[in-house]
1. Subtract the Cα-Cα distance of LEU127 and VAL413 from 0.36 nm times their separation in residues, and report this length gain in nm to one decimal.
2. Using the crude model of +1 on Lys and Arg Cβ and -1 on Asp and Glu Cβ, and no other charge, please compute the dipole size for the chain relative to its Cα centre, in debye to 20.
3. How big is the convex hull of the Cα atoms of segment 4-81, per residue, in Å³?
4. Would you calculate a helix-derived [θ] at 222 nm for the chain, using -39,500 (n - 2.57) for each DSSP H run of n ≥ 4 and dividing by the full residue count, to the nearest 500?
5. Each residue of segment 27-38 in turn: what ³J(HN,Hα) in whole Hz from Karplus with 6.51, -1.76, 1.60 and θ = phi - 60°, glycine and Pro shown as x?
6. So how do TYR120, TYR83, TYR358 line up by other beta-carbon neighbours within 10 Å, fewest first?
7. Select from PHE172, ASN122, VAL94 the residue farthest towards the positive end of the dipole of the chain; place +1 on Cβ of Lys and Arg, -1 on Cβ of Asp and Glu, and compute about the Cα centre.
8. Any idea what % of Cα-Cα pairs in segment 107-375 are farther than 23 Å?
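Please treat every number below as a calculation from the coordinates, not as lab data. Everything quoted here is computed from the prediction, not taken from an experiment. A quick note on method: Cβ atoms are made from the backbone with ideal geometry, for glycine too, and the neighbour counts reach across all protein chains shown.
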Amino acid sequence: MPSAANSALFQKLPSTNELLQQPELRALVAREGHTAVAESIRNVIERLRGEIAAARLDANSLDLALTGLSAAIERELRQYLRYSLRAVINATGVILHTNLGRAPISFSALDHIRETAAAYSNLELDLETGERGKRDVHVDRLFGKLFEEYGATGAPPRHAEHLGRAISTAVFNNIVVNNNAAAVLLALNSLAEGGEVIVSRGELVEIGGSFRIPDVMSKSQATLREVGTTNRTRVADYENAINERTRLLLRVHRSNFAITGFTEQPAVAELVELARRREIPLMEDLGSGALFDLHSIGIANESSVFDSLRAGIDIVTYSGDKLLGGPQAGLITGRTDLIARMRSNSMFRALRVDKLTYAALEATLLAYVKHDYAAVPVLRMMQLSKDEIAARAEALVARVGSGAMTKLGLEIVDGESVIGGGAAPSAVLPTRLVALTHRQHSADEVCSRLRQSDPPVIARVEDGRVLLDLRTVFPEQDARIAEIILSIT
């Protein structure tokens, strides 16, 4: 039961209708609408009720709160009308951060989306004939140029001379669906429904969001045939498992983890030779999938899509928003006859992508065709040197200035950035970190305050310090980070 004092305080609270009649709030209603303003009033009044019930407000403090009621309602309204999906500053050093939307897309991709999405477009119209066209053509020509160029200039795969083919548009085709899980599902259902798919036990991975290869295979109506052991699988294990029901050999990228020590895994050339000899398609789920030479930035043991195709793999599935640096999409590249089977699958229509994705993907692929890798944000971030990041870190610390050092501790230390997104799980990129401490607040409290800033700054905490890695921060955001750090009180 509320006390008499509390009852008197509750009676001081104005009703929603009373407040809606105030001139300043009537102006808000005219600008933002009755529903949003009324909801904001109710939220503010409800918070005051809670404060009174918890005995955190007396008569004087309530009177003070009521004098600022209109301003509080306007602040609440701004929060009410704010988008839930917001831009944040990624200072974690994880380039493909799944929780932060993975790859940021390029300015050219944004421009192309704006140009084609704000008007009508020729998404499925052949402008030459005036007849209905196919949405795939907008990216097929670019994929074709990339594969043709690589096939003309790349060295043939070792131990695969018997393949007798290079990458060419006459051999390979492409299909785009809404993510890599959908790509795997469509490929398995199209090529192995009712039959068996052979895969190593060491590749039955689970990645973020509880995406498990065995579960996807079950949904595809294909039967999983496990071979080998967790740490050791030989090509003979695949061959011994082949029977009249075998429809596909599957190789899966080990996303987010690595197996070391007493291990064995068949070379791609061995699996290719087996697949050719037994006339069974070989599919590889690359997960991330790069169209860029990762060796050039010191990342080894991570095959590109080109590597897999040149080695003789028939079907490769990979993501658009990871190492490719484009929009979320599932990309399937492979033998034209196998891709044709996927196109004719009724599931393809349910999994296909829209005009926004095609616009962003076309712009991203065009950057690759032009060799303008700096235009793709994730590639630019991966190529940043430790010295370049150190120079920006020093400038940020200088911008914060010595006057803040009474409450803040800032130093620059060595660290490591990671690719993220399941790509190259054991690879790290050397970097320089801004290590931040505060005299009155713990590292977790400082990290929380950074998240509550505008825009939110996402950092990481290690050894009692907040660490900021500018590799994943756009240079134009450095000044804003300095301002936010200075605002922490």
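1. 97.3 nm
2. With only Lys, Arg, Asp and Glu charged at Cβ, the dipole is about 520 debye.
3. Taking only Cα atoms, segment 4-81 has a hull volume of 79 Å³ per residue.
4. That comes out to -12500 deg cm²/dmol.
5. Calculated HN-Hα couplings, in order: 5, 4, 4, 4, 8, 10, x, 4, 4, 5, 5, 4 Hz.
6. TYR83, TYR120, TYR358
7. ASN122
8. 52
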